[in-house]
1. Let me check something: with ligands and nucleic acids excluded, how do ARG98, ARG55, ARG65 order by accessible area (1.4 Å probe), largest to smallest?
2. On average, how much accessible surface per residue is there in the stretch 1-61, in Å², for a 1.4 Å probe, leaving out ligands, DNA and RNA?
3. Taking R0 as 35 Å, what's the FRET efficiency between LYS42 and GLN1 from their Cβ-Cβ distance, rounded to 0.05?
4. Given a Förster distance of 30 Å, report the FRET efficiency between SER100 and PHE78 from their Cβ-Cβ distance, rounded to the nearest 0.05.
5. How big is the dipole moment of the stretch 1-80 about its Cα centre under a simple scheme where the beta carbon of each Lys and Arg is +1, that of each Asp and Glu is -1, and everything else is neutral? Debye, nearest 20, please.
6. Quick one: pull the percent of accessible area on the chain belonging to carbon and sulfur, 1.4 Å probe, ligands and nucleic acids left out.
7. Compute, for TRP108, the solvent-accessible surface of its heavy atoms (probe 1.4 Å) with the complete set of protein chains present, and express it in square angstrom to the nearest 10.
8. Under 23 Å between alpha carbons, and skipping anything fewer than 8 positions from LYS85 in its own chain: which lysines qualify?
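The values are calculated or read from the model by the stated rules, or taken from the named source; none is laboratory data. What you are looking at is a predicted structure, and each value in this text was computed from that prediction instead of being measured. Positions of Cβ are generated from backbone atoms using ideal geometry, with glycine treated the same way; all protein chains shown enter the neighbour counts. When the accessible area is computed, the model is the full protein with side chains, heavy atoms only, and any ligands, DNA or RNA have been set aside. Shrake-Rupley method; radii C 1.70, N 1.55, O 1.52, S 1.80 Å.
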Amino acid sequence: QVQLVESGGGLVQPGGSLALSCSVSGSIFIYAMGWYRQAPGKQRELVATITSDGRSNYGDSVKGRFTISRDSAGNTGFLQMNSLKPEDTAVYYCNAKRPSGSTMSAYWGQGTQVTVSS
């Protein structure tokens with residue numbers, strides 16, 4: 001049973017910072033984890049991902065502002081969000097992928113609201 005628990009969302013002013021975390025239950029191998037976000041009326045989009053060997057990928061809209069990292073065990077991810085803009089307002093969903101047989105299984109957290117507003 002894979003459970004993802006997110007924390008760190010909230011209200012922040014434009015230009016401010018916010019940090020998110022996501023913890024995966026159990027001592028299981030997570031190949032990749034990250035965040036996707038969804039604003040009302042929009043498709044869910046990539047924010048950032050990081051693999052077990054440290055490779056990171058960012059959505060174009062957050063490059064240079066957000067930083068993703070993992071703890072050494074690979075079961076907790078961190079997203080540092082700086083220079084936040086109103087358009088960053090969305091529900092942020094943590095995602096984790098792990099090998100499952102011959103495929104890669106994906107899991108989602110419950111989501112956390114990030115609101116950037118003055």
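1. Numbers: ARG98 65, ARG55 125, ARG65 30 Å².
The most accessible residue leads, giving ARG55, ARG98, ARG65.
2. On the way: 3370 Å² over 61 residues.
Heavy-atom SASA per residue in the stretch 1-61 reads 55 Å².
3. Working: r = 31 Å, r/R0 = 0.88.
Using R0 = 35 Å, I get an efficiency of 0.70.
4. For R0 = 30 Å, the calculated efficiency reads 0.75.
5. Values: 7 positive and 5 negative charges, 40 e Å.
Taking the Cα centre of the stretch 1-80 as origin, the dipole is about 200 debye.
6. Values: 2980 of 6130 Å².
Answer for the chain: carbon and sulfur cover 49 percent of the accessible area.
7. Approximately 110 Å² for this residue.
8. Within the straight-line limit of under 23 Å, LYS85 reaches these lysines: LYS42, LYS63.
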